[in-house]
Amino acid sequence: MSDAIPVLVNAGGGTAKASGDRLGAEIEAAFAEAGVPIALELLSGEAVVKRARELAGAPLVVVGGGDGTLGCVAGVLAGSGTALGILPLGTRNHLALELGIPADLPGAARVIAERQRRRIDLARVNGRAFVNNACVGFYPAMIRFRDAGGVPGGAWAKKLAAVPAAFAALKRIRHHRLRLYVQGRDREVVTPMLFVGNNRYRLEPGHVGERMALDDGQLSVFAIRGRHRLALLGFAARVLLGRADPERDFAAVTETSELTVSGRSRGVSVAIDGEVVHLAMPLRFAVERQALTVIAPAA
């Protein structure tokens, strides 16, 4: 049907993978209940991005997948006039959660049926788009340990596998000597992890990891202070309890619209929305204010 909305689903990740052969029928049933005709395509992650690029300029493209898939598609659709509809089918679905999109397929389909548009920021590092955050150091190492032997099942299997992976990464943790260039000034830090978030991330009790807004045009920059392994475990506990101390726990904390990170190596592993890629140094971060249109409830 010419008025059918294209729905591109990464069938190999998170919740989608766990649904198996039922996935297509469940998605079609959810949209039929919402009264929305769709043209469903179950694809690999790379094929989703390629197909989204072909559809850029259409009024609406719906994507089912995790934050990594959404970030890649967002980079393709930003500035094209195409609105992004979201089916939360990943491991954690941070963006969908913060946009107020229901985690269940019928609820997400109803939000898309309402066609309410909202504009949010998109961040990039060396041209690569991300909707949530990018990390250097401990976190990409943990993801690689988690995925090294393959993770069977869906989202819950990945979450459980993250626990032993975190301990494995902690045993082999290394500190990165980085130079941060912000607003004409530079600062050298030695850190086991650099975190750069799209918009302002919170550390208060009950709100750890949440953002105050999705359209404030700022990057959150946190460089964890270099310490031995047991001290890092203590830091992790304080963060989870909302008791992190900027002076005690971080070598650098700032907010900026642009950031350049250089180091001693020619390249570095970066976890971008939970997907690990290798990027050349220096890393150039920037935020594109309200560059992405999404279908979501009002802020």
At R0 = 22 Å, FRET efficiency that the Cβ-Cβ distance of Arg202 and Glu247 yields, to 0.05: 0.80
Glu255-Asp21 FRET efficiency (beta carbon distance; Förster radius 30 Å; 0.05 resolution): 0.05
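What's the carbon and sulfur percent of the chain's accessible surface, probe 1.4 angstrom, rounded to a whole number?
Heavy-atom surface of the chain belonging to carbon and sulfur, 1.4 Å probe: 52 percent.
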Full-extension gain in nm, Arg185 to Arg144, via 0.36 nm per residue minus C-alpha separation: 11.4 nm
Per-residue counts of other Cβ atoms within 10 Å, averaged by peptide: what ranking do you get for 39-50, 203-214, 60-71, highest first? 60-71, 39-50, 203-214
Distance (nanometres) between label positions extended 7 Å along Cα→Cβ at Leu55 and Ala231: 5.0
Distance-filtered residues of region 58-100 - backbone nitrogen under 17 Å, label point 7 angstrom along Ala113 Cα→Cβ: 62, 85-88
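Using 0.36 nm times the number of residues separating Glu33 and Met212, minus their current alpha carbon distance, what extension gain do you get?
61.1 nm
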Rough spin-label spacing in nm, given labels placed 7 Å along Cα→Cβ, for Gln290 and Ala4: 3.5
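The values are calculated or read from the model by the stated rules, or taken from the named source; none is laboratory data. Just so you know, these numbers come straight off a predicted model, no measurement behind them. Quick reminder, even Gly has a Cβ in these numbers, built from the backbone with ideal geometry, and neighbours come from all protein chains shown. Accessible surface is based on the protein model in full, side chains and every heavy atom, while ligands, DNA and RNA are left aside. Shrake-Rupley method; radii C 1.70, N 1.55, O 1.52, S 1.80 Å.
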